[in-house]
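What follows draws every value from the coordinates through simple rules; no lab data is involved. If you're wondering where the values come from, they're calculated on a predicted model, not measured in any experiment. Because the Cβ atoms are built from the backbone with ideal geometry, glycine has one as well, and the counts that use them run over all protein chains shown.
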Amino acid sequence: MTDTAPELLQETRDGTLWLTFNRPAARNALTFGMYKELAETCRTVPTDGSIKAIVISGAGGKAFAAGTDMSQFRAFETPQDALDYEAQIEAVLGAVECCPLPTIAAINGACTGGGASIAAVCDLRIASQSLKFGFPIARTLGNCLAAGNLARLSGLIGPGRVRELIFTARLMLADEALSVGLVSELLPDEDALMTRAADLAATVGQMAPLTLRATKEAMRRNQKAISVDDDDLITLCYMSEDFRNGMEAFLSKQKPQWKGK
């Protein structure tokens with residue numbers, strides 16, 4: 001019997017913690033276990049100087065992470081299942097956002113759904129020319145993003161662009177991502193991307209850690225100034241016939257037929 005490869009690889013090199021989503025056959029679609037491990041790692045990372053920065057990337061050369069593994073949604077039966085899921089996603093994003101160390105998303109290939117949300121809450125984002133970023137849920141599943149997630153994205157690239165991306169289900173490519181500030185740098189390929197990620201991690205690792213920590217926490221508090229109740233919107237989508245049909249259509253590689261109910 002062979003050991004199953006970890007779904008989230010962790011390696012420390014030269015003071016940088018490298019976290020790699022490791023389900024390349026599934027374009028690094030995120031399982032609940034991967035979400036949990038990512039959050040726990042970000043919450044418990046040492047602040048004693050042994051690690052100075054975190055780089056998050058995806059294995060396999062084709063995707064950073066292509067959203068949540070949709071087969072897990074088959075277990076959803078009640079409104080509470082949907083609310084618990086979005087609460088879990090919020091907790092994961094909050095853990096990455098509140099990580100005391102600087103976080104860098106090194107994005108190669110597809111970066112969609114939950115993967116795009118994780119990249120968006122990292123402190124810095126760099127990408128290769130193969131970047132495809134977005135939330136094609138209006139075409140695929142028929143679910144929704146929670147209000148807090150939408151607020152983060154709107155603060156990053158603007159509410160109009162967030163709305164347009166979701167309404168059209170299109171994916172933003174590399175040049176546009178650079179022009180709107182989603183990423184700060186573009187590299188020609190994955191090798192160049194990972195080399196630059198190492199250099200960038202080394203650079204931020206030389207900065208005053210309390211300055212970086214205070215800056216990211218102050219910016220997070222600014223975003224949290226308004227609290228929104230969105231339970232009704234989450235259950236509207238996740239408990240719908242459309243969501244159930246969309247999930248099964250996606251998993252069977254069929255086109256969903258939307259009914260609006």
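Here are a few things to note about the model shown:
- The charge dipole of the chain, taken about the Cα centre with unit charges on the Cβ atoms of Lys, Arg (+1) and Asp, Glu (-1), comes to about 520 debye, rounded to the nearest 20.
- Taking 196, 43, 221 as the candidate residues, the one with maximal mean-square fluctuation in a Gaussian network model of the chain, Cα springs under 10 Å, is 221.
- Considering only 214, 177, 138, the Gaussian network model of the chain with Cα springs below 10 Å gives its largest mean-square fluctuation to 214.
- Centroid-to-centroid separation of the range 190-261 and the range 111-179 [C-alpha atoms, Å]: 8 Å
- Springs join every pair of Cα atoms under 10 Å in this Gaussian network model of the chain, and among 110, 91, 218 the largest mean-square fluctuation is at 218.
- Dipole of the chain [Lys/Arg +1, Asp/Glu -1 at C-beta], most positive-end residue of 138, 101, 63: 138
- Phi-based couplings in Hz for the range 158-170 (Karplus 6.51, -1.76, 1.60; Gly and Pro marked x): x, x, x, 6, 4, 4, 5, 4, 6, 5, 9, 6, 7
- Amide H within-cut-off set for residue 53, under 5 Å, with H built and near neighbours excluded: 17
- Sequence-ordered 3J(HN,Hα) estimates for the range 47-61 from the Karplus curve with 6.51, -1.76 and 1.60 and θ = phi - 60° stand at 10, 8, x, 5, 10, 10, 7, 10, 10, 10, 8, x, 7, x, x Hz, glycine and proline given as x.
- With contacts taken as Cα pairs under 8 Å and at least 6 residues apart, the chain reaches a relative contact order of 20 percent.
- In terms of distances greater than 26 angstrom between alpha carbons, the cross-link table entries 62/261; 36/261; 132/253; 52/132; 36/259 yield 62/261; 36/261; 52/132; 36/259.
- Coupling constants for the range 114-129 follow from the phi torsions by the Karplus curve (6.51 cos²θ - 1.76 cosθ + 1.60, θ = phi - 60°), and in residue order they are x, x, 5, 5, 5, 4, 5, 8, 5, 5, 9, 10, 10, 8, 8, 5 Hz; glycine and proline get x.
- Global dimensions of the range 168-261 from alpha-carbon coordinates: Rg and Dmax equal 20.7, 55 Å.
- For the chain, taking a cut-off of 4.7 Å between Cβ atoms, the unpaired cysteines are 98, 111, 122.
- Dipole magnitude of the range 1-82, debye to nearest 20 (Cβ charges: Lys/Arg +1, Asp/Glu -1, about Cα centre): 260 debye
- Translational D in µm²/s for the range 8-189 (Stokes-Einstein at 25 °C, 0.890 mPa s, Kirkwood Rh from C-alpha pairs): 149 µm²/s
- Residue-averaged 222 nm ellipticity for the chain, from DSSP H runs of 4+ at -39500 (n - 2.57), nearest 500: -14000 deg cm²/dmol
- Between amide H atoms placed 1.01 Å from N, distances below 5 Å from residue 187 occur with 127, 128, 129, all of them 5 or more places distant or on a separate chain.
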